[in-house]
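All of the numbers you see were taken from the coordinates with simple rules; none came from a lab. A quick note: this is a predicted structure, and the numbers were derived from the prediction, not measured. Ideal geometry is used to build each Cβ from the backbone, glycine not excepted, and the neighbour counts take in all protein chains shown.
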Amino acid sequence: MPTIPSSLVDRLARARCVVVSTGAGMSAESGVPTFRAEGGLWTKFKPEELANVDAFLRNPQMVWEWYQSRRDVILNCSPNAGHTALVEMEPLVQGLTIVTQNIDGLHAAAGSTDVIELHGNIRRNFCQQCGERYDDASLLSMTEIPSCSCGGMIRPDVVWFGEMLPEKALARAERLCEEADVFISVGTSGVVYPAAGLALVAHQHHAFTVEINPEETPLTPYANVAISAAAGAVLPEVVRLLRERTAG
Ligand code: BV8
Ligand code: ZN
C-alpha cells in the first residue's frame, strides 16, 4: 500500500480548488497503451509519421487506420480504480476539475463531472475541410476513411502535433491552475507542451503540487510531494484517508 503524506490529505480537505492533471499513465491500468513506455505507441511509430496533419494529408488512409486500431483497443477498455477514485473524490473536496491529455474518454465514462479534454477525444470525428462534426459511432468501425458531404476527409477529433489546443479548454485549465490550492499530476511524462506547462503554472502560483508516477519526470522537481506508485493504488488510498478525515 503506498504511503500518502498526511500533508496531502490535510491540503485536500481544506482546498477550495483542486486540479488533477492526467496523462496516459492514468489509463495504463485500463489496458490503454501509453506513449513512451516500453512497447508504447511512440516506440513503434514516430509522432511526425502519424499524429500530425501533414502525415494525414500525405497518407490519410494510413493515419485513419492507425486511429481505428487505437479505437479498437480503447473502446474495449473500462475505467480503472484510479478513475473511480477520482469520481469518489468529487464530493469529498471542493472544486475538483480533471484536466486530461488523454483522448480515451475514460474519466467521463467513470462518472467524473468536470473534465477538460486538452487533446480531444478519439470517439469523435470532424471534417478536415469544413469542420462538420461526425460523432456517430458507426464511423468508428469504418476501415476506409469516410468523406464528408463537402468532399473533405473525416479525421479523429484529436489535437495533432503542431496544432493549437482547444482555446477555451486551455484557457480554463490555465486559469484553474493559477487558482488551484492543490495540483495533482497523475501518469504523465511531462514532455508535451503546453499541457506539461500546467504543472509549472500551478507551482508558480503556490499550489501544493503532487506527482503520482512510478517514474521521475521533468515535473518531479516542482512537486511538493512525489508518490512513486501507480494511480490505481494511490488514488483509492487518498480517497480512503479523506473519508476517514471527513468522518472525523
Ligand atoms: C502546440 C493526441 C502550438 C493525439 C497528443 C519543443 C519544445 C516544447 C514544445 C515543442 C517543441 N517542439 C514542438 C513543440 C510543441 C509540441 C510538443 O510539446 N512536442 C514535444 C514532443 C516536445 N506540442 C504541440 O505540438 C502541441 N501543440 O504546441 O500548438 C503550436 C502550433 C504550431 C506550431 C508549434 C506550436 C500539441 C500537442 C498535442 C499532441 N497530441 N495526443 C494522439 O493521441 O494521437 S500528445 C500525446 O502524447 C498525449 O495526448 C500526451 O499529451 C502525450 C503523451 O504523454 P503522456 O500522456 O505523458 O504519456 P507518456 O506515455 O509519455 O507517459 C506516461 C507516464 O505515465 C510515464 O511517465 C509513466 O511512468 C507513467 N505511468 C505508467 N503507468 C502508470 C503511470 N503513472 C501512474 N500510474 C500508472 N499505472
Ligand atoms: Zn466537410
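For the range 167-197, which positions are more than 16 Å from Gly95 (Cβ to Cβ) and touching a Phe, Trp or Tyr at 6+ places or on another chain (Cβ under 8 Å)?
Ser189
Name the single residue, out of those in the range 86-124 being β-branched (Val, Ile, Thr), within 16 Å of ligand 1 (Cβ to nearest atom) and assigned to a strand (DSSP E or B), that is surrounded by the fewest Cβ atoms within 10 Å (Cβ to Cβ).
Within the range 86-124, the match that is surrounded by the fewest Cβ atoms within 10 Å (Cβ to Cβ) is Ile116.
Checking His206 against (1) touching a residue at least 40 places away in the same chain (Cβ under 8 Å); (2) out of contact with any strand residue (DSSP E or B) (no Cβ under 8 Å at 6 or more places or on another chain), only one condition comes out false. Which one?
(1)
Here's a check for you: in the range 159-195, which residue that is in a loop (DSSP other than H, G, I, E, B) and touching a Cys at 6+ places or on another chain (Cβ under 7 Å) is farthest from ligand 2 (Cβ to nearest atom)?
For the range 159-195, the residue satisfying everything is Asp181.
Counting only residues that are in contact with a helix residue (DSSP H, G or I) (Cβ under 8 Å, 6 or more places away or on another chain) and outside any helix (DSSP H, G or I), which one in the range 196-213 is surrounded by the most Cβ atoms within 10 Å (Cβ to Cβ)?
The selected residue is Ile212.
Can you pull out every residue in the range 125-153 that is outside any loop (DSSP other than H, G, I, E, B), surrounded by fewer than 20 Cβ atoms within 10 Å (Cβ to Cβ) and within 16 Å of ligand 1 (Cβ to nearest atom)?
Phe126, Leu140, listed by residue number.
In the range 154-189, which residue that is among the charged types (D, E, K, R) and within 16 Å of ligand 1 (Cβ to nearest atom) is nearest to Glu29 (Cα to Cα)? Give the steps one after another, and end with the answer.
Quick first cut of the range 154-189, residues among the charged types (D, E, K, R) only: 155, 157, 163, 167-168, 172, 174-175, 178-179, 181.
From what is left, the residues that are within 16 Å of ligand 1 (Cβ to nearest atom) are 155, 157, 163, 167-168, 174.
Values: Arg155: 27, Asp157: 24, Glu163: 29, Glu167: 30, Lys168: 30, Glu174: 28 Å.
The residue in question is Asp157.
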